[in-house]
Amino acid sequence: MPFRSINPATGKEFFRAEGHTAEQVDAILDDAAAAAPAWRDQALAERTELLRRVARVLRAQRDELARLATLEMGKLKAEARAEVEKCATACDYYAEHAGAFLTDEAIATDASDSRVVYQPLGTVLAVMPWNFPFWQAIRCAAPALAAGNTVLLKHASNVPQCALAIERVFAEAGCREGVFRTLLIGGDAVADVISDPRVHAASVTGSDKAGRAVAAAAGEQLKKSVLELGGSDAFIVLEDADLDEAVAWGLKSRFQNAGQSCIAAKRFLLHRAIAEEYLERFVDGAEALAPGDPQDDATTLGPMARNDLRDELHAQVEDAVTQGARVATGGRPLAGPGAFYAPTVLDRVTPDMRAWSEELFGPAASVIRVEDAEHALVIANGSPFGLGGAVWTQDLERGAALARRLECGAAFVNGMVKSDPRLPFGGVKDSGYGRELSRHGLLEFVNAKTLWVG
């Protein structure tokens, strides 16, 4: 199948590449299998040195790589640069800490020596999305490579240049042949790759539909999988919140990356005592966003990545309006070329609307009024998703207690949900299972083996 790059700001195609044939895929899998034993046995210091070199290449090519993300999926230039820098930071993090994470764990038993040793599984297939085209791939690859696995990247079909650029970065950093490769294949070929005996595990970041398909394929083969899927994060603002901070961070969390983030704030649960004031200020901030060319520094809201994604978001918005929601601002595609959608705030969203239970993957926020903290918790946990959540209150003890009760993988108090290499990242329920980042993410793709010496 051909892979095309279509600039979402203009709607014009500017790159095309043919996908890998079955013979080419087979050769790449052979290369990964051939490289795996030597990479597994490579001294840890040499594996982590590769990550340091990758970080240096990423920083040296930051602007060039950022421009690819901007052109292929519409990310604002500043956001794209920050994404590349975050990738370099993650590589540095695992270069520094992988040794401690992989150190044998001695455990006293009746043996003369008993311990847990951590050994790589083999080759990991990384099925990654377009919304953070560099970060998602590096977030998976850096810990897997540090642990001694080889990695195959199957990227989203609309960011082929980013996918090829990541492979080039590893090659320029001196990565040995077969240790990291990109597969230009469609989603319909993923199950066959997972079933191949040369592949030992799979990681997917994407929709719950994609996650279920990968989990089914991996489960059929009894292979390890990690799923980081969609989210509909609750952003709870209580009556004693600092509204200046809560509004500012709410706007950033909802509208950065044109709202196309799994951990973006999507459901704004506002205490009735502050709901009107918060809503007024939030709408003012949304209306102040400047849609436009994401390469222009003056632009503060880029396009959505594809027209079909914009159309799906609009269908969800229209459903809410039909069911009685009030459009506080936006609610429509923007005229002209490109996949632009007006920053949108839906007020008085109710359970019979798609916007209540589905993920809004674009620049649209759902506002729900709540009576108190307990009411907010019931609504927040009533979602089929469980990726992240945020609580805003000046009573930190109260906020932490409430955050502990949120059914999600990451709960923040007076902060925007974000990923950090130092902390585990992942969700529960329809947001998937397993963890990325931190020590937990590195250990997902190792064999924690008991070694007992009598």
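General observations
- Any hit, the stretch 223-234, residues being assigned by TED's automatic domain parsing to the domain that holds ALA69 and either assigned to a helix (DSSP H, G or I) or more than 20 Å from the chain's Cα centre (by Cα) (or both): yes
- Some residue of the stretch 91-111 being acidic (Asp, Glu), modelled with pLDDT of 95 or more, outside any loop (DSSP other than H, G, I, E, B) and surrounded by 17 or more Cβ atoms within 10 Å (Cβ to Cβ): yes
- Test: GLU245 is assigned to a helix (DSSP H, G or I), in contact with a helix residue (DSSP H, G or I) (Cβ under 7 Å, 6 or more places away or on another chain) and over 23 Å from ARG332 (Cα atoms): no
- Complete set of residues in the stretch 263-278 that are surrounded by fewer than 21 Cβ atoms within 10 Å (Cβ to Cβ) and either under 27 Å from the mean Cα position of the chain (by Cα) or in contact (Cβ under 8 Å) with a residue 60 or more places away in the chain (or both): ARG272, ALA275
- Selected residue [out of contact with any helix residue (DSSP H, G or I) (no Cβ under 9 Å at 6 or more places or on another chain) and in the same structural domain as GLY19 (by TED's automatic domain parsing)] from GLY211, GLY187: GLY211
- When GLN295, GLN260, GLN221 are checked against the criterion of being in contact (Cβ under 8 Å) with a residue 12 or more places away in the chain and crowded, with 22+ Cβ neighbours inside 10 Å, a single residue qualifies: GLN260.
- VAL151 being part of a strand (DSSP E or B), closer than 23 Å to PRO197 by Cα and either touching a His at 6+ places or on another chain (Cβ under 9 Å) or at pLDDT below 95 (or both): no
- Taken over the stretch 174-213, the criterion of being more than 21 Å from ALA33 (Cα to Cα) and in contact (Cβ under 8 Å) with a residue 12 or more places away in the chain is satisfied by GLY186, GLY187, THR205, GLY206, SER207, ASP208, ALA210, GLY211, ALA213.
- If the condition is being of a type in the set (Gly, Ala, Ser) and either touching a Ser or Thr at 6+ places or on another chain (Cβ under 6 Å) or not in a loop (DSSP other than H, G, I, E, B) (or both), then the stretch 339-359 contributes ALA355, SER357.
- Extreme residue, farthest from the chain's Cα centre (by Cα), among residues of the stretch 298-328 that are over 15 Å from ARG354 (Cα atoms) and surrounded by fewer than 13 Cβ atoms within 10 Å (Cβ to Cβ): ALA298
- Search result, residues across the stretch 34-79 that are within 20 Å of ALA156 (Cβ to Cβ) and outside any helix (DSSP H, G or I): GLY74, LYS75, LEU76
- When the stretch 16-40 is limited to residues that are free of Cβ contacts under 8 Å to residues at least 60 places away in the same chain and over 13 Å from GLU177 (Cβ atoms), the one that is nearest to the chain's Cα centre (by Cα) turns out to be ARG16.
- Options GLY250, GLY178; residue that is modelled with pLDDT of 95 or more, among the small types (Gly, Ala, Ser) and in a helix (DSSP H, G or I): GLY250
- Selection status of VAL327, part of a helix (DSSP H, G or I), at pLDDT 95 or above and of a type in the set (A, V, I, L, M): no
The values are calculated or read from the model by the stated rules, or taken from the named source; none is laboratory data. Being a predicted model, the structure only gives us computed values, none of them experimental. Glycine also receives a Cβ, built like all others from the backbone with ideal geometry; neighbour counts cover every protein chain displayed.
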